[in-house]
Amino acid sequence: MAYSDKVVDHFNNPRNMGSFKKDEEGVGTGMVGAPECGDVMKLQIKVQNDTIVDAKFKTFGCGSAIASSSLATEWLKGKTIEEAQKIKNTDIVQELNLPPVKIHCSVLAEDAIKAALADYQKKSDTEPVDTK
Amino acid sequence: MKVQPVSKDTDYFTCLGFPRRLTLDPKKLEAKFYELSRAFHPDFYQAKSPKEQTISLSNAAVLNTAYRTLRDPIQRAEYLLALESGSVKDIRTSPPADLFEEILELQDTLEQYRASDRESDEGQQLRKTLQTEKQTLDRRREEMESQLRQLFTGWDQLQDRGEATSQARAERDRILKQMRELLSHRTYINNIVNDLAATIAS
C-alpha cells in the first residue's frame, strides 16, 4: 500500500510534536488508543479566551496515525472551541487521502480532539474564575 | 449428496464443530480441520459441476480462516468477543491513561537512542535502560496472559453450567469486559515491546 504524499510529508515532518504540562492553565489533554492495532495518541490544546492558541501531539503508531494527529494539531490552531468541535474524521480522510484500512487512524484523531476539548472544558469548569 | 455452501452466518466455532469455549484442545482442533479439509478439498470436485467446484473452493477458504483464527488462543478470544460483544453493554473500556503515558515516554527514549551514537556512554546507557524496560514489559505481558487464561477457564465453566440467572449474566458480562480490557492492554504492550526488540537488535 502506498501512502499519499501528504501522509508522507506529515510523517517525515510532523508538525507540533511534543507536549505541554498537563496542569498548565488552559491546557486540555486527550489521550486515546485503538485497542485493535495498539496505536496510542496524545493530543493537547492550549486555550486562551476560547481560542486554541497552540496544539501539540505525541503518537505511537503507524504513519497514518502520526499524519492524522499532525494534521489535527495544524487545523486546531486558531480555531475557537466551538469550531474545533466540528472537525470530523472524514475531513482528515479527505485531506490525507487515507485508504479504507487506515480510516480508523482518522477516527482516533477525532477522538483525541474530542477528548482534549472535553478535558479542557472540565478543567475550566472547576478552575476558579478570575473575577477582576 | 451435493456439497452445500457454508452459510455466512456460520461462525468459526460452528464451522469447525466446536462449542464457544476458549480452552480448546489444539490436537482435536487440528484433527477436525484436516477431516473437513479433505471433505471440502477442491481436488475432489474436479469432476463435479462448476457450481459445486466454486462452493467447495469457498468452503475451503472459510475453513482455513476459521482454523487460523481458532488455533491461536488470543485470536480465538478476540473472535469470541466480537461474536458476543453485541450483547454486552459498554464493552468499550476506558483507555489506560497511565499505560499510554508510559508508552509515549518509552517512545521518547527510543527516539533518543536512535539518534545517539551507539558506542558512546549515552548510547550504552540508553540501551541498558531500554533493555530493562523491555524485561519489565515482558513480565507484565506474561502476567496478563496468565490472567487471561484464568478468564478463559472462567468463561468455559460458566458456559458449561449454562445457567440463565441474572447472576450468571452479570458474571458473563464481567468476564467479557475484563477480557476486552486485558486483550487491549496486551496489544498496546505487544507493540511497544516489538518496537523495543527491533530497535535494540538493530
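No value in this document is a laboratory result; all are computed from the given coordinates. Given the structure is predicted, the values throughout are model-derived calculations rather than measurements. Cβ: placed from backbone, ideal geometry, glycine included. Neighbour counts: every protein chain shown.
Treating only the Cβ atoms of Lys and Arg (+1) and Asp and Glu (-1) as charged, compute the dipole magnitude of the stretch A:61-130 about its Cα centre; round to the nearest 20 debye.
It works out to roughly 220 debye.
Max-minus-min Cα coordinates of the protein assembly as shown on each principal axis give 85, 55, 42 Å, with the largest extent listed first. To make sure I understand the rule: partners must be aspartates and glutamates, Cα under 17 Å from the Cα of A:Lys86, and not fewer than 8 residues away in the same chain. Which ones qualify? List returned: A:Asp50, A:Glu74, A:Glu95, A:Glu110, A:Asp111, A:Asp119.
Averaging the Cα positions of each part gives two centres, and for the stretch B:94-172 and the stretch B:28-80 these lie 34 Å apart.
Under the criterion of Cα pairs below 8 Å and six or more residues apart, the relative contact order for the stretch B:92-201 equals 40 percent.
When the stretch A:28-126 is described by a simple charge dipole with +1 on each Lys and Arg Cβ and -1 on each Asp and Glu Cβ, the residue from A:Ser106, A:Val47, A:Leu96 located farthest towards its positive end is A:Val47. Diffusion coefficient of chain A by Stokes-Einstein, Kirkwood radius over Cα pairs, 25 °C, 0.890 mPa s: 167 µm²/s.
Relative contact order for the stretch A:28-126 using alpha-carbon pairs under 8 Å, separation at least 6, rounded to a whole percent? Could the numbers behind the result be given before it?
Details: 167 pairs, mean separation 34.5, N = 99.
Result for the stretch A:28-126 is 35 percent.
The angle between the Cα long axis of helix B:166-201 and the main principal axis of chain B comes to about 50°, on a 0 to 90 degree scale. Quick one: helix B:73-84 against the long Cα principal axis of chain B, what's the angle to the nearest 10°, folded into 0 to 90? Once rounded, one gets 60 degrees. Projected label points at B:Ser120 and B:Ala82, each 7 Å from Cα along the beta carbon direction, are separated by 4.7 nanometres. Dipole magnitude for the protein assembly as shown: about 1300 debye, using +1 per Lys or Arg Cβ and -1 per Asp or Glu Cβ, origin at the Cα centre. What shape does chain B have by the C-alpha gyration tensor, where a ≥ b ≥ c are the square roots of the eigenvalues, rounded means a/c under 1.5, and otherwise prolate means a/b greater than b/c and oblate the rest? In terms of gyration-tensor shape, oblate. For the pair B:Glu52 and B:Thr14, a Förster radius of 30 Å applied to the C-beta separation gives a FRET efficiency near 0.85, rounded to the nearest 0.05. Neighbour counting of Cβ atoms within 10 Å sorts the residues B:Leu196, B:Leu126, fewest neighbours leading, into B:Leu126, B:Leu196.
The residue among B:Ala97, A:Met31, A:Ala2 whose Cα reaches farthest toward the positive pole of the charge dipole of the protein assembly as shown, with charges on the beta-carbon of Lys, Arg, Asp and Glu, is A:Ala2. Dipole of chain B computed with +1 at Lys/Arg Cβ and -1 at Asp/Glu Cβ about the Cα centre; of B:Phe44, B:Phe18, B:Leu110, farthest Cα towards the positive end is B:Phe44. Using C-alpha pairs under 8 Å with a sequence gap of at least 6, the mean separation divided by the residue count of chain B gives a relative contact order of 25 percent.
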